[in-house]
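Read the structure below first, then the notes.
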Amino acid sequence: SPLYNTSHRTSFRKTLVKQVFDMKFIAKSLALCAVMSVLCAFAEENENLVKNPSFTEKNENGMPKYWGTRLRQGHPAPDMKYTFGIGTPGRTDDSAAEISVSNPIKCGALAEYYQLIQLKPDTEYYFMAYINVVSHGAYVNICLDFLNSKMQHAGALGTKATGEIKDGYYTVEGTFKPKPEQKYLSISLRIQDLGQGIARFDDILLIELPNP
């Protein structure tokens, strides 16, 4: 009789395929863990240029320290009902920046938290933040506005959503290298344009990347 029959051969092949698949999966998992470990270690070793990134520090009025608030009206100026505050829970703690707009707003209007950061020349930066759209409606986004030495507008970058929604939050991130005339960065966390809604922003990160 043969050393193994057809059923044994099939079983052997399935086992071999499974072992190969498991080895590939383990290799990919180990590689991913290694990359994540490097990124986490790099982020921990480099200073976050954003002050109060998790909105846990508050002023006497209960608003987050180091963050300004601003309302820009559309044309014609709408009767925009809005609230800035601290949303609970945050992504990893009890605080997140929250903006609420309770009535539909006109195109061009926006409510935003913002923080101004001075940039270095010939330096590449990595930005990451988390957004939770609590109530859908208006356009929720984060914009990176650049200013020149006279504090005039000198360009802007949108941020791209990455990854899946986890615990209500999704990630936006990107890298950039400012142009010579772009001396400052205004991080703008905003609700804007044609709608109403509630959004939370948390764990804002801006770090310098090493020169290649």
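Is there a residue in segment 104-115 that is modelled with pLDDT of 90 or more and of a type outside the set (Ser, Thr, Tyr)? Within segment 104-115 (the criterion being modelled with pLDDT of 90 or more and of a type outside the set (Ser, Thr, Tyr)), the answer is yes, since at least one residue qualifies. Report yes if some residue within segment 125-132 is surrounded by 15 or more Cβ atoms within 10 Å (Cβ to Cβ) and touching a helix residue (DSSP H, G or I) at 6+ places or on another chain (Cβ under 8 Å); otherwise report no. Within segment 125-132, not a single residue is surrounded by 15 or more Cβ atoms within 10 Å (Cβ to Cβ) and touching a helix residue (DSSP H, G or I) at 6+ places or on another chain (Cβ under 8 Å).
Of all residues in segment 150-161, those that are out of contact with any Gly (no Cβ under 9 Å at 6 or more places or on another chain) and assigned to a strand (DSSP E or B) total 5.
Screening segment 114-124 for residues that are touching a Lys or Arg at 6+ places or on another chain (Cβ under 8 Å) and either among the aliphatic types (A, V, I, L, M) or open to solvent by less than 20 Å² (accessible area, probe 1.4 Å) (or both) and picking the one that is nearest to residue 83 (Cα to Cα) gives 115. Looking at 154, 138, just one residue is touching an Asp or Glu at 6+ places or on another chain (Cβ under 7 Å) and modelled with pLDDT under 90, and that residue is 138. Listed by position, the strands (runs of 3 or more DSSP E) enclosed by segment 82-149 that each have at least 3 residues that are in contact (Cβ under 8 Å) with a residue 60 or more places away in the chain are 96-101, 110-118, 125-135. If only residues of segment 177-196 that are at pLDDT 85 or above and part of a strand (DSSP E or B) are counted, the one that is farthest from residue 113 (Cα to Cα) is 184. The residues of segment 59-72 that are open to solvent by 80 Å² or more (accessible area, probe 1.4 Å) and either over 16 Å from residue 98 (Cβ atoms) or at pLDDT 95 or above (or both), listed by number, are 60, 66, 72.
Of the residues in segment 146-153, not one is open to solvent by 20 Å² or more (accessible area, probe 1.4 Å) and in contact with a Cys (Cβ under 8 Å, 6 or more places away or on another chain).
The values are calculated or read from the model by the stated rules, or taken from the named source; none is laboratory data. It should be emphasised that the depicted structure is a prediction, and the values quoted were computed from it without experimental measurement. As a convention, Cβ positions derive from the backbone with ideal geometry for all residues, glycine included, and neighbour counts pool all protein chains shown. Accessible surface is based on the protein model in full, side chains and every heavy atom, while ligands, DNA and RNA are left aside. Shrake-Rupley method; radii C 1.70, N 1.55, O 1.52, S 1.80 Å.
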